[in-house]
Amino acid sequence: MKGLILVGGYGTRLRPLTLTVPKPLVEFGNRPMILHQIEALASAGVTDIVLAVNYRPEVMVETLKKYEQEYGVSITFSVETEPLGTAGPLKLAEKVLKKDSSPFFVLNSDVICEYPFKVLADFHKAHGGKGTIVATKVDEPSKYGVIVHDIATPNLIDRFVEKPVEFVGNRINAGLYILSPEVIDMIDLKPTSIEKETFPVLVEQKQLYSFDLEGYWMDVGQPKDFLSGTVLYLNSLRKHNPQKLASGSNVIGNAIVDPSATIDPSAKIGPDVVIGANVTIGEGVRITRSVVLSNSTVKAHSLVKSTIVGWASTVGQWCRLEGVTVLGDDVEVKDEIYINGGKVLPHKSISSNVPAEAIIM
């Protein structure tokens with residue numbers, strides 16, 4: 001089987017982290033985002049993976065070559081000279097995706113969930129249609145495009161309703177699909193939306209079905225959702241792989257701590273915290289609902305809450321960081337500084353308070 005991951009462009013929503021590292025290689029749960037997807041695809045029997053990119057593929061090549069060997073897959077880059085939307089990349093990767101008659105997976109690189117690829121493939125083959133959309137249930141469907149099913153045929157999609165005013169359902173497109181190769185014949189090599197142009201045609205043909213996703217789902221393409229997705233991911237680990245979570249007298253709730261990290265016994269970590277490689281956490285530090293990326297230091301008695309601390313950054317003593325603050329690569333926060341919702345670009349030094357949401361350039 002085959003899979004295509006829509007990586008896209010500059011990762012602007014996740015800046016300042018993506019000013020240093022391409023979005024697919026930003027660590028989520030201490031592993032590059034894209035590795036979660038490659039591992040899930042490989043475990044479902046996928047042997048060919050295409051990354052649809054239009055920005056800095058050369059930075060990812062070396063890392064992904066390692067994954068090819070580790071997971072026994074072939075990873076190729078499909079490089080767009082212009083952004084091709086969500087359908088155009090399928091046409092561009094036609095040579096790989098139509099190499100045989102087996103269906104192929106399509107997924108958005110920002111989506112984190114309990115990937116159901118094996119079950120999804122079985123479901124797709126059983127109904128015999130050309131396409132299957134993975135659907136997830138949401139509490140506020142009025143914010144999304146909602147899937148409405150055919151009354152007579154289970155899971156057959158009848159139509160999509162964009163941001164419905166009245167309740168018509170609570171299932172939305174989760175950004176994961178499995179498609180038969182003939183769908184590519186419906187797509188032109190130009191900027192095209194699979195959601196707005198390809199799927200409505202399949203609905204008219206009564207060839208598009210939906211599959212309900214079990215478990216959590218989150219688009220982690222921006223900082224606040226990255227942190228929310230981290231909470232969901234850690235909860236999932238608690239259910240399915242609790243051995244991957246940290247334990248100890250200074251760990252509260254769900255947390256991942258890299259074995260190379262150094263944490264003072266008086267510090268309190270958690271709940272919902274990820275500590276990366278070679279991180280140093282000082283005396284009396286309190287960290288909650290945050291991610292501290294590799295080679296960073298949080299000095300004594302600081303509070304880090306709802307924050308992403310970028311690589312090789314330093315948070316001084318008696319600091320307070322909160323409000324979805326994001327430090328880029330190699331940021332220094334001086335002692336006794338308060339940052340509330342600041343987005344700090346790489347290689348900056350912060351010596352005055354940031355009391356409200358701001359971009360520090």
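Residues considered: Val59, Val309, Val73. Largest GNM mean-square fluctuation over the chain, using C-alpha springs under 10 Å, is found at Val59. From the cross-link list Lys196/Lys224; Lys2/Lys143; Lys91/Lys163; Lys2/Lys66, which pairs have alpha carbons spaced over 24 Å apart? Long pairs (Cα-Cα over 24 Å): Lys196/Lys224; Lys2/Lys143; Lys91/Lys163. Exposure proxy for Ile172, Ile359, Ile275, Ile34: other Cβ atoms within 10 Å of each Cβ, ordered fewest to most, give Ile359, Ile172, Ile34, Ile275. When you restrict to C-alpha pairs under 8 Å that are six or more residues apart and normalise by the size of region 256-328, the relative contact order lands at 23 percent. Descending by average beta-carbon neighbour count within 10 Å, the peptides 148-155, 263-270 line up as 263-270, 148-155, the highest first. Against the empirical 2.2 N^0.38 Å (N residues), region 1-86 has a Cα radius of gyration ratio of 1.05.
Listed by chain and number, the aspartates and glutamates whose alpha-carbon sits under 13 Å from that of Lys137, ignoring those within fewer than 8 places in the same chain, are Asp212, Glu214. Listed from fewest to most Cβ neighbours within 10 Å, the set Lys224, Lys239 follows the order Lys239, Lys224.
Ordering His127, Val73, Leu237 by the projection of their Cα atoms onto the charge dipole of the chain, which places +1 on the Cβ of Lys and Arg and -1 on the Cβ of Asp and Glu, puts Leu237 at the extreme positive end.
Based on the convex hull around the alpha carbon atoms, region 2-219 presents an average projected area of 12.0 nm². The calculated 222 nm mean residue ellipticity attributable to helices in the chain amounts to -5500 deg cm²/dmol, summing -39500 (n - 2.57) over DSSP H runs of n ≥ 4 and dividing by all residues. Compactness of region 233-360 is given as radius of gyration and Dmax, 13.7, 43 Å, from Cα positions.
Every number here is computed from the coordinates shown, using simple stated rules; none is lab data. None of the values given here were measured: they were computed from a predicted structure. Positions of Cβ are generated from backbone atoms using ideal geometry, with glycine treated the same way; all protein chains shown enter the neighbour counts.
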